[in-house]
Each structure stands twice: as structure tokens, then as C-alpha cells.
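Below is one structure, written out as C-alpha cells, with a few remarks after it.
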Amino acid sequence: MSSAQHFTGPRLYVFSGAGLSAESGIPTFRTGGGIWRQESIDEVCNFLTWRRNREAVFRFYNQRISEKRDARPNEAHQVLAAWQSTWGKERVRLITQNIDDMLERAGAQHVTHLHGDMHSLLCTSCDLRFPKDGEEYRLETACPRCGEVEAVKPGVVFFHEAAPEYLKLHRMQHEMTDDDLFIAIGTAFQVVSPESMLPRERRRPHERNFLIDPEPRRAEFFGCVEPESATVGLRNLESRVHALMSM
């Protein structure tokens with residue numbers, strides 16, 4: 001039975017990047033003075049080289065954990081969580097590139113993390129993903145299934161590493177109808193492009209394609225562009241989204 005049979009009305013797909021959490025004080029990776037302008041991707045986020053830089057990798061992601069320790073969900077996270085609560089996780093699909101848990105902490109019932117998260121570890125020997133014990137990543141953590149230590153890495157997807165959740169983007173392309181809403185928030189589209197998410201007939205300024213970003217990129221795909229922060233942009237769109245989702 002297809003998911004379309006479980007509900008009526010349009011779906012809302014929300015694709016978010018680092019700009020969604022920027023107002024919570026979590027640094028972005030690419031835009032402005034992003035983290036990748038200060039750190040070496042090859043040293044701390046490359047699946048081909050991470051094992052020889054294991055200490056630097058763990059130190060780097062523990063710094064990211066420290067940065068978000070005092071962070072709280074902002075209004076944009078809360079709005080998205082409320083929409084999912086109102087219309088259900090089958091109709092409101094939250095897909096994020098972010099590795100933080102701000103959406104979940106705001107009350108979201110289900111979030112697809114395309115690039116993994118900072119709350120799990122992955123054993124590259126037996127492919128087991130398991131929750132980390134404690135606040136920080138520890139170098140001595142052993143895989144609970146096979147006992148490996150050196151093969152265990154943070155649960156963030158590195159460059160050149162398989163990202164299984166990307167299958168959901170392909171599914172989204174096939175599922176999306178002309179009535180569905182698509183909102184992109186706070187992304188530079190440097191890792192995931194609009195072409196990889198939108199069906200061919202919506203790769204134009206479609207009236208139900210919305211973009212929220214202070215420095216909008218790839219605006220040619222969006223019928224409505226809000227050159228604002230995530231919180232302001234969602235506030236501006238809220239009544240329109242409610243009207244379209246209630247049709």
C-alpha cells in the first residue's frame with residue numbers, strides 16, 4: 001500500500017541546511033566564515049583518510065558537540081515541528097543536512113538526517129550504527145557487535161562515504177506531485193542540488209517551490225523566494241503554507 005493512501009491533501013517537503021540552525025548559534029560549514037574555511041576537510045571529514053587522522057577527527061567533532069551544548073531550538077525549528085504535529089509525519093517530511101538534533105528537540109516526530117548525526121557512532125568494520133555513551137566521542141569506544149576500536153568513527157557521513165538516506169531524495173522525486181509543497185531553508189545547494197530533489201516538471205519557478213535564505217542561490221527553481229533568515233522567512237510563509245495544506 002502506498003503512503004499516498006494513508007492521507008489526503010498535499011504533502012510538504014522541507015529540505016534544510018545549516019542556515020536553519022544558525023540562529024541557534026550553531027556555526028555554518030560553508031557560508032560566511034563557515035567551518036570549512038578554517039578546517040581541512042581532507043583531515044577531519046574524508047572517508048578515505050580518516051583512520052590515519054583518527055585523533056584529529058574525534059577532536060574536531062567533539063568541538064562541534066561543545067559548540068551546540070548551550071544551543072536551543074529556534075522559532076524556525078519550532079514552526080517545522082508544529083507543522084509535522086499538525087499534519088502528521090506522512091504529510092510533512094523533514095529532510096536535513098544538519099547533524100544537530102534541534103528539530104527533534106523542538107518536537108519533530110521524524111527527521112531524515114542525510115549526513116548522519118553527532119549522537120551515534122559507526123563501526124566501519126561491521127556497519128553497525130550505535131548510540132554514543134556520554135556527551136562526547138571517546139577514542140577508546142569499541143563496537144558492541146565486533147569489538148573493533150580503530151574502525152569506529154563518529155556517526156557523521158564523511159566525504160566519499162556512502163550516505164544511505166539519499167535514497168529518500170530519489171523517492172521524493174518520484175512521489176512529489178504538482179500539488180505538493182517544497183521548501184528549501186538555509187542551504188547553499190553545494191552538496192545537494194535542486195535537480196536531485198525536484199521532479200523534472202518542477203525544475204522551474206514553480207509556485208509551490210519556496211526558498212528561504214539570506215543569500216538565495218539557485219533561485220531559478222523557486223516561485224517564491226524569501227531573502228530572509230529561517231525564522232523570518234517561515235513566519236512570512238506560514239499563512240500561505242497553512243492555506244495550501246488545508247486545500
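Condition (residue is in a loop (DSSP other than H, G, I, E, B) and under 23 Å from the mean Cα position of the chain (by Cα)) applied to region 167-174: is it met by at least one residue?
Within region 167-174, the first condition is being in a loop (DSSP other than H, G, I, E, B), and the residues that meet it are none.
Looking through region 167-174, none of the residues is in a loop (DSSP other than H, G, I, E, B) and under 23 Å from the mean Cα position of the chain (by Cα).
Which one is farthest from Ala184 (Cα to Cα), of the residues in region 68-98 that are among the aliphatic types (A, V, I, L, M) and part of a helix (DSSP H, G or I)? Break it down into steps so the answer makes sense when it comes.
Going through region 68-98, the residues among the aliphatic types (A, V, I, L, M) turn out to be 71, 76, 79-82, 92, 94-95.
Among the residues that remain, those that are also part of a helix (DSSP H, G or I) are: 76, 79-82.
On the way: Ala76: 12, Val79: 14, Leu80: 12, Ala81: 15, Ala82: 17 Å.
Taking the candidates together, the pick is Ala82.
Among the residues in region 148-158, are any among the small types (Gly, Ala, Ser) and under 13 Å from the mean Cα position of the chain (by Cα)? Lay out the reasoning, then the answer.
Of the residues in region 148-158, the ones among the small types (Gly, Ala, Ser) are 151, 155.
Now drop any that are not under 13 Å from the mean Cα position of the chain (by Cα), which leaves none.
The answer is no; no qualifying residue exists.
Working only within region 103-132, note down all residues that are within 16 Å of Phe15 (Cα to Cα), open to solvent by less than 40 Å² (accessible area, probe 1.4 Å) and among the polar types (S, T, N, Q).
Residue satisfying the conditions is Thr112 alone.
Give me a count of the residues in region 224-247 that are loosely packed, with under 14 Cβ neighbours inside 10 Å and not in a helix (DSSP H, G or I).
Of the residues in that region, 3 qualify.
In this structure, is Val92 open to solvent by less than 10 Å² (accessible area, probe 1.4 Å) and either under 28 Å from Leu244 (Cβ atoms) or free of Cβ contacts under 8 Å to residues at least 24 places away in the same chain (or both)?
Values: open to solvent by less than 10 Å² (accessible area, probe 1.4 Å): yes; either under 28 Å from Leu244 (Cβ atoms) or free of Cβ contacts under 8 Å to residues at least 24 places away in the same chain (or both): yes.
So Val92 passes the test.
Can you tell me how many residues in region 194-214 are assigned to a loop (DSSP other than H, G, I, E, B) and either at pLDDT below 95 or open to solvent by less than 20 Å² (accessible area, probe 1.4 Å) (or both)? It would help to see each step written out before you state the result.
Of the residues in region 194-214, the ones assigned to a loop (DSSP other than H, G, I, E, B) are 197-199, 203-205, 213-214.
This time we only want the ones that are either at pLDDT below 95 or open to solvent by less than 20 Å² (accessible area, probe 1.4 Å) (or both), so: 197-199, 213.
So the answer is 4.
Name, by its number, the condition in (1) open to solvent by less than 70 Å² (accessible area, probe 1.4 Å); (2) under 20 Å from Asn46 (Cα atoms); (3) out of contact with any helix residue (DSSP H, G or I) (no Cβ under 7 Å at 6 or more places or on another chain); (4) modelled with pLDDT of 95 or more that does not hold for Tyr137.
Here Tyr137 clears every test but (3).
Name the single residue, out of those in region 140-165 being among the small types (Gly, Ala, Ser) and assigned to a loop (DSSP other than H, G, I, E, B), that is surrounded by the fewest Cβ atoms within 10 Å (Cβ to Cβ). Working first, answer last.
Step one: filter region 140-165 for residues among the small types (Gly, Ala, Ser), giving 142, 147, 151, 155, 162-163.
Those still in the list that are assigned to a loop (DSSP other than H, G, I, E, B) too: 142, 147, 151, 162-163.
Values: Ala142: 15, Gly147: 11, Ala151: 16, Ala162: 9, Ala163: 15.
Of everything passing the filter in region 140-165, Ala162 is surrounded by the fewest Cβ atoms within 10 Å (Cβ to Cβ).
Considering only residues of region 1-24 that are open to solvent by 50 Å² or more (accessible area, probe 1.4 Å) and more than 16 Å from Pro227 (Cα to Cα), which is modelled with the lowest pLDDT?
Met1
Leu169 - would you say it is modelled with pLDDT under 95 and open to solvent by less than 60 Å² (accessible area, probe 1.4 Å)?
Numbers: modelled with pLDDT under 95: yes; open to solvent by less than 60 Å² (accessible area, probe 1.4 Å): yes.
For Leu169, the condition - modelled with pLDDT under 95 and open to solvent by less than 60 Å² (accessible area, probe 1.4 Å) - is met.
In this structure, does Asp100 turn out to be in contact (Cβ under 8 Å) with a residue 40 or more places away in the chain and touching a Ser or Thr at 6+ places or on another chain (Cβ under 8 Å)? Before you say what the answer is, go through the steps one by one.
Details: in contact (Cβ under 8 Å) with a residue 40 or more places away in the chain: yes; touching a Ser or Thr at 6+ places or on another chain (Cβ under 8 Å): yes.
Taking the combined requirement at face value, the residue satisfies it.
The values are calculated or read from the model by the stated rules, or taken from the named source; none is laboratory data. Note that the structure is a prediction, hence the values are computed from the model and not measured. Note that each Cβ is placed from the backbone with ideal geometry, even for glycine, and that neighbours are counted across all protein chains shown. Note: areas computed on protein heavy atoms with side chains; ligands, DNA, RNA excluded. Shrake-Rupley method; radii C 1.70, N 1.55, O 1.52, S 1.80 Å.
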